[in-house]
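Asker: Handing you this structure, nothing more for now.
Each reported figure results from applying straightforward, stated rules to the coordinates on display, with no laboratory input. Being a predicted model, the structure only gives us computed values, none of them experimental. Backbone-built Cβ (ideal geometry, glycine too); neighbour counts: all protein chains shown.
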Amino acid sequence: MPTLNHLPVETIYEIVEKFQAVDRLVLRKVSRRFRIQVDRHGIRPRHLYICLNRFNLLELHIDGAKFKYINVNGDCVVKKYDRAWMRLRRIAGGDYVEMALNDMIGCLQHSLILLKIHLNHHFNVFMDKLRGRVHTQNVSIRFQNPCNIIAVLQCCEPENIHLAMEKPTDFFTSLTTEMHDQFKIITCTAQWKYAKTFELWGSDVEADQIEHLFHFEKFSIRMLDLSIQNAAKIKDNLLKSSTFKTCVIRFFGYNTIGIAKVFKPDYYTGDFQYDIQYSNENQKFEINCRKAPFNCFDLYIRKC
């Protein structure tokens, strides 16, 4: 009796073309012939999240759909979440890391809108598979080791990246000496220099690093303290940049009035929260300061 595997190669390819990225990944598990044609066409997701943060389990999220690759007594079990977890296949003797990363490579053959990576385990294997350039408009990296960020960034095409980095730590943790040194290296990469936007969560930008952010169109950061000196650098340098559009700086402390006087010397109301209009020879800006959780303040600056 004829089966799917008896279909002509071009017919299988036409089937693959009509499927969405999530379904192409499922088709990859049907048979070797389907896998070859999926790889020939490419999985082509728009959004990809790679989670390598646990032993015996890897996850790929493809356009919102979740796939788990699990080590079960030396076999690889692949599950897909669609309202409930459904087992797709159990591959006897299959290496769950190898199978997950092979699917990942299939997803990276074509340009992405968003690539998110949560790195903790299997980093060396991940980098061996990654090889070459990754085409993505946005890259978000959750990291334990700052060296991992540099390695991943250097695999990304440098132009027009929207960059987000997250260090999972306690609230208001400054960059360690190692991270501070690695951050300096990151700011020297082409990917950093050509990036359009930047966000950093889980760690605080040091006072002497803020000028490295002044080429971005948009950025969002935390600082233990936003000094008068750095507020003056923002006024004299960042707000004269032709590319700058908006930023958010969360900082700890009550120096908000001193910061207000940098932009409006006659500010006198004494209110820790304010809305200021500031103009220089190039442009007008809205500057807003608002109370945030944990005795913090958010300084919003937007080009009008």
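Asker: Which of the lysines could a cross-linker bridge to K80, judged by Cα under 21 Å and excluding same-chain residues fewer than eight apart?
Answerer: K18, K29, K66, K68, K116
Asker: Which lysines, if any, have their Cα less than 30 Å from the Cα of K240, not counting same-chain residues under 8 positions apart?
Answerer: K184, K193, K196, K218, K261, K264, K284, K291, K303
Asker: Hey, another quick one. Mind listing the long-range amide H neighbours of G94? Cut-off is under 5 Å, sequence gap 5 or more, other chains count too, H placed in the peptide plane at 1.01 Å from N.
Answerer: C76
Asker: Which GluC sites (Glu not before Pro) in segment 172-261 sit in a loop by DSSP (not H, G, I, E or B) and have at most 11 other Cβ atoms within 10 Å of their own Cβ? Intermediate values should be presented prior to the final figure.
Answerer: Working: sites: E178, E199, E206, E211, E217; in loops: E206, E217.
Filter output for segment 172-261: empty list.
Asker: Sticking with this one: Under the Karplus relation 6.51 cos²θ - 1.76 cosθ + 1.60, θ = phi - 60°, what is the ordered set of whole-Hz ³J(HN,Hα) values for segment 43-58, x standing for Gly and Pro?
Answerer: Ordered by residue, 3J(HN,Hα) equals 6, 6, x, 9, 10, 9, 10, 10, 10, 10, 10, 9, 6, 6, 7, 10 Hz.
Asker: Still on this structure: Just need the relative contact order of the chain here, percent rounded to a whole number, with Cα pairs under 8 Å and 6+ apart.
Answerer: On the way: 588 pairs, mean separation 27.8, N = 304.
Relative contact order, the chain: 9 percent.
Asker: Sticking with this one: Give the distance, in whole Å, between the Cα centre of segment 247-273 and the Cα centre of segment 92-169.
Answerer: Value for the Cα centre distance between the two parts: 40 Å.
Asker: Still on this structure, I have one more. Roughly how many nanometres apart are two label points built 7 Å out from the Cα toward the Cβ at D23 and S227?
Answerer: Between D23 and S227, the label points sit 6.0 nm apart.
Asker: Tell me, what HN-Hα J-couplings in whole Hz come from the Karplus equation 6.51 cos²θ - 1.76 cosθ + 1.60 at θ = phi - 60° for each residue of segment 276-287, using x for Gly and Pro?
Answerer: 10, 9, 10, 10, 10, 5, 9, 7, 9, 9, 9, 10
Asker: State, to one decimal in nm, how far the label point of L88 lies from the label point of S31, with both points 7 Å from Cα in the Cβ direction.
Answerer: It is 1.8 nm.
Asker: Please identify the trypsin sites (Lys or Arg not before Pro) of segment 217-290 that satisfy two criteria: DSSP loop assignment and at most 15 other Cβ atoms within 10 Å. Which are they? If you can, show how the numbers build up before the last one.
Answerer: Details: sites: K218, R222, K233, K235, K240, K245, R250, K261, K284, R290; in loops: K245.
For trypsin sites (Lys or Arg not before Pro) across segment 217-290 that sit outside H, G, I, E and B with at most 15 neighbouring Cβ atoms in 10 Å, the list reads K245.
Asker: Can you give me the Kirkwood hydrodynamic radius for segment 1-44, using every pair of distinct Cα atoms, in Å to one decimal?
Answerer: 10.2 Å
Asker: Subtract the Cα-Cα distance of I105 and V72 from 0.36 nm times their separation in residues, and report this length gain in nm to one decimal. Walk me through the numbers before you get to the answer.
Answerer: Numbers: separation 33, 0.36 × 33 = 11.88 nm, distance 2.30 nm.
Value of the extension gain: 9.6 nm.
Asker: Something else now. Contour minus end-to-end for A151 and W201, with contour as 0.36 nm per residue of separation and end-to-end as the Cα-Cα distance? Walk me through the numbers on the way to the answer.
Answerer: Values: separation 50, 0.36 × 50 = 18.00 nm, distance 1.92 nm.
Contour length minus the Cα-Cα distance gives 16.1 nm.
Asker: Name the chymotrypsin sites (Phe, Trp or Tyr not before Pro) in segment 195-304 that are in a loop by DSSP and that have at most 10 other C-beta atoms within 10 Å, would you? Please list the in-between numbers first.
Answerer: Numbers: sites: F198, W201, F214, F216, F219, F244, F251, F252, Y254, F263, Y267, Y268, F272, Y274, Y278, F285, F294, F297, Y300; in loops: F214, F216, F244, Y254, Y267, Y268, F272, F294.
Answer by residue number: Y254, Y268, F294.
Asker: Just one of (1) 1.09; (2) 1.23; (3) 1.02 is Cα Rg over 2.2 N^0.38 Å as worked out from the coordinates here. Which one is it?
Answerer: Structure-derived value, by its label: (2).
Asker: Can you say what percent of the DSSP beta bridges in the chain, counting only those with both residues inside, are antiparallel? Round to 5.
Answerer: Values: 45 of 78 bridges.
Just about 60 percent of them are antiparallel.
Asker: Using 1/(1 + (r/R0)^6) with R0 = 51 angstrom and r between the beta carbons of K291 and D181, what's the FRET efficiency to the nearest 0.05? Can you show the working numbers first?
Answerer: Working: r = 34 Å, r/R0 = 0.67.
Given R0 = 51 Å and the Cβ-Cβ separation, E is 0.90.
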